[in-house]
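The values are calculated or read from the model by the stated rules, or taken from the named source; none is laboratory data. Predicted model only: the values in this text are computed from it and were never measured. Every residue, glycine among them, receives a Cβ derived from its backbone with ideal geometry; neighbour counts consider all protein chains shown. Heavy atoms of the whole protein, side chains included, go into the accessibility calculation; ligands, DNA and RNA do not. Shrake-Rupley method; radii C 1.70, N 1.55, O 1.52, S 1.80 Å.
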Amino acid sequence: MIAFIAIFDEFLLEQTDFPSPFNVAIFYNIFIPIDQGRQGIARALSIVQEQLDQIGTSFANDKLMSQTAARPSSPPLTIFYSTIGLSGAVTSSFMHHACTVKHGMRCLPLGRHHADGFEEHTLEPLHSFCQRQQHTAHKRRNVSNSISDARFKVIYLHSKGSFHRQRGENDVWRKHLTRAALSEKCLEYGISSLSNSCNVCGLLFYPLWTFFYPGNMWTADCEYVAKLVAPLTHRARLEQAVAATDFLNEINLSLSNWKMTLYETGPGYLGVGRYSSEHWIASHPDVVPCDLSRTARLEHWWEEHSERTANKESVFEKSLAPRHDIHSPYFRLNHSLLDSIVTNPSRADREYFLLTGFLHKWLTIYKQVPSSYSWVWKWFPNGAYWLQTYEKYGNDTVRVLLEGG
């Protein structure tokens with residue numbers, strides 16, 4: 001922790017010395033498999049090269065390169081990266097050539113290599129970075145009344161497909177996910193203090209089975225990220241929330257007032273273990289998401305025909321999210337039971353994947369819920385009823401709803 005905090009402080013000092021209206025840093029999680037032989041290693045390294053090339057030709061790097069041309073002393077686009085899995089495969093010379101020689105970027109390792117683990121090895125430093133950045137920005141505003149630092153953005157990417165290739169589907173999907181997070185459309189969204197702006201942006205936002213960006217690549221305001229609990233704290237509290245429902249205890253399942261019908265009870269849907277990383281970025285009640293996908297069909301982005309557009313930002317259309325209603329073709333949603341649940345208040349009150357479940361998670365993790373003017377209450381059917389119930393019962397709301405209110 002101390003090692004990368006020092007790197008962050010040095011980086012933020014550079015931003016102070018060379019202030020810019022365009023402030024961004026990239027955090028990149030690299031996984032190299034240890035059990036897939038030379039072919040697996042070569043494929044993983046080719047993914048890293050592909051994504052670094054996408055970054056190098058992106059709007060973000062073009063923007064900073066133009067600033068460097070005007071002010072040669074200004075810092076280049078910086079990528080902080082973690083390596084997990086096989087040690088020694090991602091060498092400093094490989095990263096120097098892929099980042100600096102080819103694209104004029106700067107790649108800095110986040111401390112030591114990790115033999116095991118998952119995305120938390122990069123998300124934890126990303127969170128710490130935004131906390132440091134916001135602390136620095138606060139001190140600057142006290143001196144100069146500047147607000148530009150409050151809009152510092154972080155981009156999170158990972159080498160999707162190096163862990164599971166999924167019959168090649170991840171290869172197509174990864175290209176779209178990476179390009180969306182790096183796109184001008186995501187990076188040029190509004191000032192975060194305005195009510196109609198978003199604070200996280202990615203390819204496709206899902207308001208079901210949790211609030212998240214499937215594939216888990218995104219751009220976010222540091223101002224928002226700093227509000228989040230740390231990723232590992234989030235994991236522990238989310239698992240606490242899940243355990244409280246008794247879903248993971250078959251003995252008590254029949255006694256629970258909770259129902260889980262709209263999705264399955266697997267760890268990916270609940271956010272247990274490594275899957276908590278995907279549930280993290282949109283977990284705060286203050287999240288205001290944007291996305292770039294015109295369709296709610298997640299499968300569209302990994303189907304073979306979509307590969308033809310993987311290098312074209314023209315397929316993206318930015319919008320506040322969720323732009324699609326609850327009856328849209330969300331991936332793996334139990335559509336056959338949806339209407340019977342949302343039109344039956346006593347049944348909807350017990351459904352973990354509707355607002356009672358989100359209230360339970362927000363109160364467990366953050367001790368707060370979205371403000372009364374949040375998009376949340378407008379998007380969910382009968383959202384006004386849930387809001388009124390919370391305003392009446394406060395922290396007792398979930399118990400009241402489960403007991404039939």
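State the percentage of accessible surface on the chain attributable to carbon and sulfur atoms; use a 1.4 Å probe and exclude ligands, DNA and RNA. Don't jump to the answer; show the numbers that get you there.
Working: 9000 of 17250 Å².
Carbon and sulfur: 52 percent of the exposed surface of the chain.
How do 237, 174 rank by accessible surface area computed with a 1.4 Å probe, from largest to smallest? If you can, show how the numbers build up before the last one.
Working: 237 85, 174 5 Å².
The most accessible residue leads, giving 237, 174.
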Karplus 3J(HN,Hα) series, Hz, for the stretch 294-299 with 6.51 cos²θ - 1.76 cosθ + 1.60 (x for Gly, Pro): 6, 10, 8, 6, 4, 4
Would you rank 160, 63 by solvent-accessible area, highest first, keeping every protein chain in place and using a 1.4 Å probe? 63, 160
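Determine the per residue accessible area of the chain with all protein chains present and a 1.4 angstrom probe, expressed in square angstrom.
Working: 17250 Å² over 405 residues.
That works out to 43 Å² per residue.
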Environment charge at residue 369 (Cβ cut-off 12 Å; Lys +1, Arg +1, Asp -1, Glu -1): 0
Through the Karplus equation 6.51 cos²θ - 1.76 cosθ + 1.60, θ set to phi - 60°, convert the phi angles of the stretch 319-336 into ³J(HN,Hα) values in whole Hz; use x for Gly and Pro. 7, 4, 10, x, 8, 9, 7, 5, 8, 6, x, 5, 4, 6, 5, 7, 5, 5
Given the whole protein assembly as supplied and a 1.4 Å probe, what does the accessible area of residue 325 come to in Å², nearest 10? 90 Å²
State which entries of 153/367; 63/185; 259/361; 185/227; 63/227 exceed 18 angstrom in Cα-Cα distance in the structure shown. 153/367; 185/227; 63/227
Cα-based Kirkwood hydrodynamic radius, the chain, one decimal, Å: 22.1 Å
Ranked order, 106, 294, 132 - accessible area, probe 1.4 Å, largest first: 294, 132, 106
Given the whole protein assembly as supplied and a 1.4 Å probe, what does the accessible area of residue 399 come to in Å², nearest 10? 110 Å²
Quote the accessible area belonging to residue 303 in square angstrom, nearest 10, computed with a 1.4 Å probe and with ligands, DNA and RNA left uncounted. 50 Å²
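Run lengths n ≥ 4 of DSSP H only: what is the helix-derived mean residue ellipticity at 222 nm for the chain, with -39500 (n - 2.57) per run over all residues, to the nearest 500?
Numbers: 18 runs with 171 residues, N = 405.
Computed ellipticity for the chain at 222 nm equals -12000 deg cm²/dmol.
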